[in-house]
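Participant: Here it is: the structure, laid out below.
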Amino acid sequence: MKNNLKRIAERIFLAKKEDQKVAVWGDYDTDGISGATIVYQTLKNLGFKNLQLILDPSGRMDQKIIHKLISNGNKLIVIVDMGITEVEKINFALSNGMEVIVIDHHLYTSPPPVLFHHSLKKAAVQLCYEVAKAINPDEQFSDLVALGSIADKIELNSENKKVIIKGIERINQRKRIGLKILLSKIKLAKLAKKPGKSWDKLRSYFNFPLRNGLQNNFYQIFVLNDESKLDKLTDELIRFHQNIYQKIDEFSKTIKLEESKLTLVEHHLPHATSGVNGAIAERLANKFNRIALVHGGKDKNGLVRVSARAPSDGYHLVKLFRKCSNLFLNFGGHPKAAGFQARYNDLEKIKICLSKNLH
Ligand SMILES: [Mn+2]
């Protein structure tokens, strides 16, 4: 993997030397945005002129964006927090004269046919930090690594702990002015060095539907120094947060505990995104101390996207999903926060299968 880092840095230096058009493209959650921000800022600081940052709410390597990049004459795309399994789309970009670098931490079965940096034990933002360090050892982004890792519910381990702790210290020192203003407004005086209330609170502001142009809002909070602009941006973020969480809370309170080992719930709130589904699932998992599965109803093809959350101890959602994988169209995620896509009509079968495999 070290070797890959070196090769990625070399490819970026080549792009700089040849003045190539480069796009950095991040997934739309906090991990994706903070990771893409790190790569984009590092390239910007290198002096790239033809550089573009894409934080698109459609996520998952939208084909329309690939077409746009091709017609704009892009030579290189750096994909963050997605792409490791998108072999078809990558091949499409390659066959149209673009090169691709993937920085991703999701599970894959066969490696993508391009340069990539990957680990299952780190958030994508930490992998981006490593790429940034390979390009410029002086880059100071550990606070964003802590933020993205906490938002993505990454479990602390020997490979990620050092950087995350360093980042938490940096957040507590209020080095990044946008975060400083936001944390003071939400009255988060100090971020603890291990999971708990302060992490949950921080996460609640960053892990919700990053729609309505809020990706850019996040990016600006990460990079701007203008206090009056930051004041407006953070207000906007907090207003959105209050509005959506009020609806999520009201809905979650109406749910009663069922006589089963896990909770399966359908909601009809606006923004039935994985962020909203996840926030409801999170509340129900904590409230009932059991696994919660939440979705916003079926689409026109009769399919549902379900977000799952596990209570604090003793569960591994991805391992559990593997036992019922024949019932899913796809699934993925992390031990305590995961999701799947399935046929709406299979949900009861899925519930029975998952319950059976829970001990
Ligand atoms: Mn991620």
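Readers should treat all values here as calculations from the given coordinates under stated rules, not as data from a laboratory. None of these values were measured; they are calculated from a predicted model. In this analysis, Cβ positions are derived from the backbone assuming ideal geometry, glycine residues included, and neighbour counts consider all displayed protein chains.
Participant: If one computes the Cα centroid of the stretch 302-359 and of the stretch 78-122, what distance in Å separates the two points?
Facilitator: Using only Cα atoms to place each centre, the spacing works out to 25 Å.
Participant: While we're on this one: At 20 °C and a viscosity of 1.002 mPa s, what translational diffusion coefficient does Stokes-Einstein give for the chain, taking Rh as the Kirkwood radius over Cα pairs? Give it in µm²/s as a whole number.
Facilitator: 102 µm²/s
Participant: Determine ³J(HN,Hα), in whole Hz, for all residues of the stretch 123-131 in sequence, where each value follows from phi through the Karplus function 6.51 cos²θ - 1.76 cosθ + 1.60 and θ = phi - 60°; x replaces Gly and Pro.
Facilitator: So the J values, rounded to whole Hz, are 6, 4, 4, 6, 5, 5, 4, 5, 5.
Participant: Separate question: Measure up LYS121/LYS323; LYS122/LYS190; LYS197/LYS253; LYS261/LYS319; LYS190/LYS247; LYS49/LYS121 against 25 Å on the Cα-Cα distance and list the ones that go over.
Facilitator: LYS190/LYS247; LYS49/LYS121
Participant: Quick check: the angle from helix 197-206's long axis to the longest principal axis of the chain, C-alpha only, nearest 10 degrees?
Facilitator: For helix 197-206, the angle is close to 70 degrees.
Participant: How would you rank THR37, THR254, going from fewest to most other Cβ atoms within 10 Å of each one's own Cβ?
Facilitator: By the 10 Å Cβ count, ascending, the order reads THR254, THR37.
Participant: Once Rh for the stretch 262-356 is found with the Kirkwood sum over Cα pairs, what is the Stokes-Einstein diffusion coefficient at 10 °C and 1.306 mPa s, in µm²/s?
Facilitator: Result for D is 123 µm²/s.
Participant: Return the lysines within reach of LYS44: Cα separation strictly under 16 angstrom, same-chain partners fewer than 8 residues apart disregarded; answer none if there are no such residues.
Facilitator: Those lysines meeting the cut-off are LYS16, LYS17, LYS21, LYS133.
Participant: Share of antiparallel DSSP beta bridges in the chain, in percent to the nearest 5?
Facilitator: 40 percent
Participant: Continuing with the same structure: Give me the three principal axis extents of the stretch 192-321 from the C-alpha atoms, as integers in angstrom, largest value leading.
Facilitator: Here the Cα extents, ordered largest to smallest, are 53, 41, 28 Å.
Participant: Remind me, what semi-axes does the stretch 62-174 give for its equivalent ellipsoid, largest first in whole Å, using sqrt of 5 times each Cα gyration tensor eigenvalue?
Facilitator: Those come to 29, 15, 11 Å.
Participant: What's the magnitude of the charge dipole for the stretch 262-356 around its Cα centre, counting Lys and Arg as +1 and Asp and Glu as -1 at the beta-carbon? Answer in Debye, nearest 20.
Facilitator: 200 debye
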